[in-house]
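Rule-based calculations on the coordinates, nothing more; no lab input. Just so you know, these numbers come straight off a predicted model, no measurement behind them. Here the Cβ positions follow ideal geometry from the backbone for every residue, glycine too, while neighbour counts run over all protein chains shown.
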Amino acid sequence: MKDYDVIVIGAGIVGSFIARELSRYEGRIGLFDKGSFPGCAVTKAGVSLIHSPLMCPPGTLKGKLCIDAPIRYKKLADELDVGFKEVDELFLALAPSQLANLEALRKRGEEYGLASCELVGPERIRELEPHVTEKAAGALYVRGLLAIYPPEWAFALCENALENGVHLHFGTAVTTITKEGDFAYVIHTEKGLFKTRYMINAAGLYADEVARMAGDQEIELKLTKGTMAILDKSCSHLVRHTLYGTFSGMHSQLITPTAHGNLMVGLGHFPTPVHKQDTSVTCDKLQEIIRMGKELVPSLPEREIISTFAGIRSENNKSANGDFYIAHSRSAPGMVHCLIGSPGLTAAPAVAERVIEMLRDAGLVLGERESFQEKRGGWFRFSTAPFEALRGAIAADPTYGRIVCRCEHVTEGEILEAIRRGADTIDGIKHVTRAGMGECQGGYCGVPVLNLLSKRLGVAQDRVTKKGIKSYAITGFTKARSE
Amino acid sequence: MMEHESIAVDVAVIGGGPAGISACLELSRKSPNLKIALFESEEELGGMPRTCHLFFGMRDLRRIYTGPGYARKLNDLLRKTHVDVYTQTTALDIVPGAKGENHFVRVVSPDGLKTYRSRFLVLATGCCESSLGERLIPSARPAGIFTTWQLQQIVNLHHLKPGNRALVIGSEDAALSTVMTLKRAGISIAGMVEEDKELQTYPLMAQGLSGLYGFPIYRETSVNAISGIDRVEGVELVGQGKGSLFHVTCDTVILSGRFRPISQLIHNTPIARDEATSGPSVDMNLMTSVPNIFAAGNVLRGGDMHDLCALEGKNVAESILARMSSTEDEGDGWISLRAIHPIRYVVPQKISPSRIRRSTFPSLLPGVSIQVAHTLRGAILEAWSGEKKIWEKTYGRVIANHRVPIPVGRFNWDGVDFEKGIELRVNGSHLKALG
């Protein structure tokens, strides 16, 4: 039985940050996830923004953890060689009656000590966003925020954690947790048993089930679902800031540029999902977010939508007003709950720091790892590499000159590199390389990626999956092949 | 800097499908001394026909080939010319030059990055089918959803079987090709789904295939949701007439048709884009809004027949040769054409009445054509300029996604208001739009 000091359950953005932070220290760390790729559940299916803390009431834990998030992310972007896009926020008042709300929001910004947070009038709005509705009576303009692509970050964090000695166990669902003695647990998975002293419950939508496995019956989650649509890059000029109309715990109306330069529209009123995997998009929700989007930008072209998806967010029963709950379990000593919700992505780096402090308080001795490598091995990206670097890369390896995804200009070399570094599904390749994210949504590159995966993983094409488990991309071979 | 490091050619053609190849063939046939470069992303030339197995070549080569046979034939013809063919070479961006100056194309291949400069440029990048997202079909994005083009690559190029039982969404010509491909691959067909009450292809052919292969055609039916989380498990359909929800079990969904141009290369360039087609907009010579940059084939409109694309490639070649030999600018007297729903688009978007008047056989000019958004029965197509009707014609059936030629030579040109341009309508449709 493998013995760990800390096991992190769940490789979403929070679990990935925690694993990477823990890898700064000497110790045996394991990161477990039932999926085959980090950051592919709740982490992926959100608005993917590093927000200001304005949506969080002052005095809340989540508000506190969001402060300075862009600074933390930018520093990490350099260490891990991951991308981000700077996007400023505009909270719009769509009627004069809403101006008072903006003033309240501005005061909140002051309380949070936001450096740049100002009220602007219709003329300035028009300068900043010429396509925004004429109804906009005023806006709160907040600068210095970011858009990121979360699965890429989760992958980078996990990869860096791995380089620094963390053991990654993907495709490994935790089925049971038993106690061994006073202060140790045995984690049962379909791939064997693992022993640990401390456990981090970062299991997202499944945090309640993981808590119960460890004997903690107190955790309950309330789930809601938001719907998003991605628009083609040909209309990216329409919106340059994150535009918020109205928002509350019950709904949200926004249009934002994404890290990859598309536009995203969301999220509508939040219904309750049927079950934890219910990330289906429904026709009426789609119409609703388009309608809400057009209220902000009337010329929003719905026929340029290239992709739609839904994501589930959770709130816990342990704290009021949808706040986070990051605490030691009361009935399972050694387990730390990370029950987050929106804006979890923004808060994730600070959550990780807090969890490390809590582990220290609980008696875990953390000695600095001398060999800690804070820099992750860089990743060649054809679409953003400077001319001379491209030239050198193709000369050294001609596969970097063979474009596989035409929409996003992803080369065969990048795809092979992704496979070498652990991406073993079609969606996994998409998350790390962007192949299949463009205008044609994998129409051209889907089949070549399938073939590259089959060849490099050394498995038949009918064993290659779209997103792990039983999501086989194809089911067999035609007669022409068998003959 | 670009000027020094670039490779000079007379004509650069982007896209090695029927339109691009035909443009090259015609150019080299009529003017053997031209230096022509053709860029194709795939390993082989031929474009979409490479993966289809239906009838090809009727209107351009005047013989019937299979898709791959047709692609091979074009390839063979091209290899006999001195056109420089670069496969596995993707055009990354184009930088149009100032008036009369060279245009630049940056390409990449395993041989490296190169920049070409040429006075003439042809965009023939073709089209792709609408994805799940574009069609706004709800699902949890399971495996087992393919477009027709993906299906045909999988089955015809790689001999793989995408699933065991497939539902075909759409009833355009591509849907007929889809059911034949499915049959060849030994995949059972769960049905064909069409939102409209009319089929968007030849109805007798669709019904014939439905009888022959034993699958139902669901008309006036839309997709409510695709079920399944890992792999497709079925599709929930809603009959509009009855409003009833029903479930079809299948492990594969094929999205067929709804083609759109691949026009990424014109983003962030001064080349004007037609919102209706999302491809470049062109004049009667198939020239874009930037002088000496031309476009041909499906980049102009999406899923048209390959042989019509090939003929359009030839037309582009003729336009280029004409411009080479004459400095006369035809820029004066252009009049714009606009399509009103249910006409989806009109190509070209600009015509020159003086040229139509000058021509002895106006019907031989590169044609103006339209496509309608959905199949119409007993429709009257009309052309209007301002308040004046300048042409009309009654059609028994106008099939969606089939090109309908518009005889602009027959328009009453005396009634045309140049400022207002010409609108193409289906009788009554403008009233509906107003109401």
*For A:Lys64 and A:Leu193 in one chain, what is 0.36 nm times their gap in residues minus the Cα-Cα distance, to one decimal in nm?*
42.7 nm
_Need one word for the stretch A:387-473: rounded, prolate or oblate. Basis is the Cα gyration tensor (sqrt eigenvalues a ≥ b ≥ c); a/c below 1.5 gives rounded, then a/b vs b/c decides._
prolate
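Pick out, in residue order, every one of the GluC sites (Glu not before Pro) in the stretch A:124-200 that is DSSP loop and has at most 10 other C-beta atoms within 10 Å; say none if there are none.
A:Glu134, A:Glu190
In peptide A:301-314, how many Cβ atoms from other protein chains are near each Cβ within 10 Å, on average?
Details: counts 2, 1, 6, 3, 5, 5, 5, 9, 4, 3, 0, 0, 0, 0.
Average per residue, whole number: 3.
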*Give me the log10 of I(q) over I(0) for the protein assembly as shown at q = 0.05, 0.08 Å⁻¹, as the Debye formula computes it from C-alpha points; what are the numbers?*
-0.31, -0.80
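For chain B, which longest stretch is free of loop sites, where a loop site is one of the GluC sites (Glu not before Pro) that DSSP puts outside H, G, I, E and B and that has at most 13 other Cβ atoms within 10 Å? Don't skip to the end; give the middle numbers.
Numbers: sites that count: B:Glu43, B:Glu101, B:Glu275, B:Glu328, B:Glu387, B:Glu419.
Formally, the longest exposed-site-free interval is B:102-274.
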*Cβ-Cβ FRET estimate between B:Arg79 and B:Asp414, R0 fixed at 45 Å, reported to 0.05*: 0.35
*Using the Kirkwood radius over Cα pairs, work out the Stokes-Einstein diffusion coefficient for chain A at 10 °C and 1.306 mPa s, in µm²/s as a whole number.*
68 µm²/s
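Using the Cβ atoms and a cut-off under 15 Å, what net charge is assigned to the surroundings of B:Leu167, where Lys and Arg are +1 and Asp and Glu are -1?
On the way: positive: B:Arg135, B:Arg165, B:Lys183, B:Arg219, B:Arg231; negative: B:Glu194, B:Glu195, B:Glu233, B:Glu236, B:Asp251.
Taking every Cβ under 15 Å from that of B:Leu167, the sum is 0.
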_Can you return the lysines within cross-link range of A:Lys135? Criterion is Cα-Cα under 23 Å, with same-chain partners fewer than 8 residues away left out._
A:Lys294
*Specify the longest stretch of chain B that does not include any exposed loop site, a site being one of the chymotrypsin sites (Phe, Trp or Tyr not before Pro) with a non-H, G, I, E, B DSSP assignment and at most 16 other Cβ atoms within 10 Å.*
B:56-417
*Roughly speaking, what is the centre-to-centre gap between the stretch B:174-203 and the stretch A:315-351 when only Cα atoms are used, to the nearest Å?*
51 Å
*Tell me the label-point distance for the pair B:Asn33, A:Lys318, using the 7 Å Cα-to-Cβ offset, in nm and rounded to one decimal.*
8.4 nm
*Calculate the spin-label point distance for A:Ala396 paired with B:Tyr213, positioning each point 7 Å from the Cα along the beta-carbon direction, and give it in nanometres.*
4.9 nm
_Given the -39500 (n - 2.57) contribution per DSSP H run of 4+ residues, what per-residue ellipticity at 222 nm results for chain A, rounded to the nearest 500 deg cm²/dmol?_
-9000 deg cm²/dmol
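Report the extension gain between A:Glu103 and A:Glu370 in nm, rounded to one decimal, defined as 0.36 nm multiplied by the number of residues separating them, less their alpha carbon distance.
Working: separation 267, 0.36 × 267 = 96.12 nm, distance 4.95 nm.
That pair, A:Glu103 and A:Glu370, stretches by 91.2 nm at full extension.
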_If you build the convex hull over the alpha carbons only and average its shadow over all orientations, what do you get for chain B? Give it in nm² to one decimal._
22.5 nm²
*Sort out for me the Cα centre separation of the stretch A:211-281 from the stretch B:253-271, rounded to whole Å.*
27 Å
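Between A:Phe183 and A:Thr272, what length in nm is gained on full extension when 0.36 nm per residue of separation is reduced by their alpha carbon distance? The partial results should precede the final answer.
Working: separation 89, 0.36 × 89 = 32.04 nm, distance 3.77 nm.
Contour length minus Cα-Cα distance gives 28.3 nm.
Counting only other residues whose beta carbon sits under 10 Å from that of A:Ala203, what net charge do I get with K and R as +1, D and E as -1? Write out the running numbers ahead of the final one.
Numbers: positive: A:Lys34; negative: A:Asp33, A:Asp208, A:Glu209.
Net of charged neighbours comes to -2.
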*Rg and Dmax of the stretch B:132-257, Cα atoms only, in Å*: 13.4, 41
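What number, in percent, do you get for the relative contact order of the stretch A:255-334 if the mean sequence gap of Cα pairs under 8 Å and at least 6 apart is divided by its residue count?
About 22 percent, as a whole number.
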*Would you mind counting up the charge near A:Gly171? Only other residues with Cβ under 10 Å from its Cβ, with Lys and Arg at +1 and Asp and Glu at -1.*
-1
*Based on the Cβ-Cβ distance from A:Glu79 to A:Ala327, what FRET efficiency comes out when R0 is 35 Å, to the nearest 0.05?*
0.75
*Peptide B:102-108: average number of partner chain Cβ atoms within 10 Å per residue?*
2
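Over the whole of A:388-397, what's the average partner chain Cβ count within 10 Å per residue? Rounded to a whole number, please. Write down the numbers at each step before the final one.
Details: counts 0, 0, 4, 2, 0, 2, 6, 3, 0, 1.
What the average comes to for A:388-397 is 2.
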*Pairs of Cα atoms farther than 22 Å apart, the stretch B:1-149, %*: 48 percent
*asked:* To check my understanding: the extent here is largest minus smallest coordinate of the Cα atoms along each principal axis. What are those three numbers for the stretch A:73-152, in Å, largest first?
replied: 45, 31, 20
*Take the alpha carbon atoms of the stretch B:48-81, find their center, do the same for the stretch A:137-210, and report the distance between the two centers in whole angstrom.*
54 Å
*Rounded to the nearest 0.05, what FRET efficiency is calculated for B:Arg135 and A:Arg126 with R0 set to 45 Å and r the Cβ-Cβ distance?*
0.85
*Residues whose placed amide H lies under 5 Å from that of B:Ala166, excluding near-sequence neighbours*: B:Ser188, B:Ile189, B:Ala190
*In nm, to one decimal, how far is the modelled label at B:Ile64 from the one at A:Glu134, with both set 7 Å along Cα→Cβ?*
6.0 nm
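Take every Cα pair under 8 Å in chain B that's 6+ residues apart, average their separations, divide by the length, and report that relative contact order as a whole percent.
Numbers: 1039 pairs, mean separation 64.3, N = 435.
For chain B, the relative contact order is 15 percent.
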*Take every Cα pair under 8 Å in chain A that's 6+ residues apart, average their separations, divide by the length, and report that relative contact order as a whole percent.*
19 percent
